[in-house]
1. Has the stretch 41-56 got at least one residue that is touching a Leu at 6+ places or on another chain (Cβ under 8 Å) and without any contact (Cβ under 8 Å) to a residue 60 or more places away in the chain?
2. Tell me, which residue of the stretch 40-52 that is of a type outside the set (Val, Ile, Thr) and in contact with a strand residue (DSSP E or B) (Cβ under 7 Å, 6 or more places away or on another chain) is nearest to Asp12 (Cα to Cα)?
3. Output yes when any residue across the stretch 185-205 is outside any helix (DSSP H, G or I), modelled with pLDDT of 95 or more and surrounded by fewer than 17 Cβ atoms within 10 Å (Cβ to Cβ), and no when none is.
4. Report the residue count in the stretch 284-299 for those that are outside any loop (DSSP other than H, G, I, E, B) and either within 16 Å of the chain's Cα centre (by Cα) or within 15 Å of Ser98 (Cα to Cα) (or both).
5. Could you tell me which residue of the stretch 12-65 is farthest from the chain's Cα centre (by Cα), considering only residues that are of a type in the set (D, E, K, R), surrounded by fewer than 20 Cβ atoms within 10 Å (Cβ to Cβ) and modelled with pLDDT of 90 or more?
6. May I ask you to verify whether Glu158 is farther than 28 Å from Met210 by Cα, of a type in the set (D, E, K, R) and part of a loop (DSSP other than H, G, I, E, B)?
7. Among the residues of the stretch 86-107, is any surrounded by fewer than 15 Cβ atoms within 10 Å (Cβ to Cβ), touching a helix residue (DSSP H, G or I) at 6+ places or on another chain (Cβ under 6 Å) and over 25 Å from Ser244 (Cα atoms)?
8. When you scan the stretch 27-79, how many residues do you find that are closer than 28 Å to Phe304 by Cβ and among the basic types (Lys, Arg)?
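The values are calculated or read from the model by the stated rules, or taken from the named source; none is laboratory data. These numbers were taken from a predicted model, which means no experiment stands behind them. Every residue, glycine as well, gets a Cβ built from its backbone with ideal geometry; the counts of neighbours run over all protein chains shown.
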Amino acid sequence: MDSIKIIKNRSDVGAGTRGSDMGVDAIEIAAINIENNFFNNYQFEDVITTNDSVYNRVKNTFAKRISSVLKQCERLSNHVQVNLQENKFPIVLSGDHSSALGSISGVKAAYPNKRVGVVWIDAHADIHSPFTSPSGNIHGMPLAAALADDNLDFQINEVSRETEDLWDRMKNIGTPTTKILAEDLIYFGVRDTEKPEDAQIEKLGIKNYMVAEVRFRGLETCVDEAIERLSNCDVIYISFDVDSMDCDMISYGTGTPVPKGFDPFEIMAIINRLTETKKVVCIEFVEVNPLLDLKGNKMAETAFEILENITAKIEEVVL
């Protein structure tokens, strides 16, 4: 790869709480406030958004605003695919986590004959489907679509034909195929799940490196083990949700904060060690919500600190 491209995706239509669409700008403001020129040093592009769709009457109760989320993921998938094909390294700054389906789909579309590994750094498993989701918020569903597994053993919702059709289209963004295999998905920090998700993680054998395990066994040991688990993957996508960090230590400036998470230095170490494999081709930051931040712009400031650090590693190892 010959350069980094920042992709700014200011969309929060997949979330239950407004405000993560402002997360990208909050991260930029964090850089400006410390007179850091980071965002002037890289080419960037903006993804078109339709956040005003949140004001539309919700028809798809079990997959809220699914038509808008589908369009947003299709747009983002195209941005990621094109940049990878142009030999750029996309760093995606998004609003809510539903966008990850777009990024994963874009990676798969760029490398249709390669196995895609996913490292999901998050407090949440995001493996619900419209059939199992208690909230209907699609930021809790991207991995179910990427895996093309609806977990119907734990179905609680009667989903309309229209929603089902749109959901099927989400599974086929970029390429009409399953994006990832369950054995190629690894969690770091997941600690807030519902029963259907727990059952799905167990059934599919998805490894979750919880915070306590990482600290007890050693971060390097766990990450190296994760790398070995992904040894059959040709490329890796990393999704970093800021709620993977400890909200009491950092900030509540995210849609669904959860205590007892990682600290920023652990996040940097995890991402940078993965980057050293030279398999990482795309990294995404999600769920910074400045409207919920009780400490000024603390969450975005922390996210920018991590962004600057991991970008330096990408430049050192990948470019």
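1. Applying the first criterion (touching a Leu at 6+ places or on another chain (Cβ under 8 Å)) to the stretch 41-56 yields 47.
Now narrow it down to the ones that are without any contact (Cβ under 8 Å) to a residue 60 or more places away in the chain: 47.
Scanning the stretch 41-56 turns up at least one residue that is touching a Leu at 6+ places or on another chain (Cβ under 8 Å) and without any contact (Cβ under 8 Å) to a residue 60 or more places away in the chain.
2. At the first step, the residues of the stretch 40-52 found to be of a type outside the set (Val, Ile, Thr) are 40-46, 51-52.
Adding the requirement that they be in contact with a strand residue (DSSP E or B) (Cβ under 7 Å, 6 or more places away or on another chain) leaves 42-46.
Details: Tyr42: 24, Gln43: 23, Phe44: 20, Glu45: 18, Asp46: 15 Å.
Here the answer is Asp46.
3. There is at least one residue in the stretch 185-205 that is outside any helix (DSSP H, G or I), modelled with pLDDT of 95 or more and surrounded by fewer than 17 Cβ atoms within 10 Å (Cβ to Cβ).
4. First, pick out the residues of the stretch 284-299 that are outside any loop (DSSP other than H, G, I, E, B): 284-286, 290-292, 298-299.
Retained after the next criterion (residues that are either within 16 Å of the chain's Cα centre (by Cα) or within 15 Å of Ser98 (Cα to Cα) (or both)): 284-286.
Looking only at that region, the number is 3.
5. Just the residues of the stretch 12-65 that are of a type in the set (D, E, K, R), to begin with: 12, 18, 21, 25, 28, 35, 45-46, 52, 57, 59, 64-65.
With surrounded by fewer than 20 Cβ atoms within 10 Å (Cβ to Cβ) added as a condition, the list becomes 18, 25, 28, 35, 45-46, 52, 57, 59.
Cutting the leftovers down to modelled with pLDDT of 90 or more gives us 25, 28, 35, 45-46.
Details: Asp25: 18, Glu28: 19, Glu35: 28, Glu45: 18, Asp46: 17 Å.
Looking at the filtered set, the residue picked out is Glu35.
6. Working: farther than 28 Å from Met210 by Cα: yes; of a type in the set (D, E, K, R): yes; part of a loop (DSSP other than H, G, I, E, B): yes.
Against the criterion (farther than 28 Å from Met210 by Cα, of a type in the set (D, E, K, R) and part of a loop (DSSP other than H, G, I, E, B)), Glu158 qualifies.
7. Narrowing the stretch 86-107 to residues surrounded by fewer than 15 Cβ atoms within 10 Å (Cβ to Cβ): 86-87.
From what's left, touching a helix residue (DSSP H, G or I) at 6+ places or on another chain (Cβ under 6 Å): none.
No, because not a single residue in the stretch 86-107 is surrounded by fewer than 15 Cβ atoms within 10 Å (Cβ to Cβ), touching a helix residue (DSSP H, G or I) at 6+ places or on another chain (Cβ under 6 Å) and over 25 Å from Ser244 (Cα atoms).
8. Counting residues in the stretch 27-79 that are closer than 28 Å to Phe304 by Cβ and among the basic types (Lys, Arg) gives 1.
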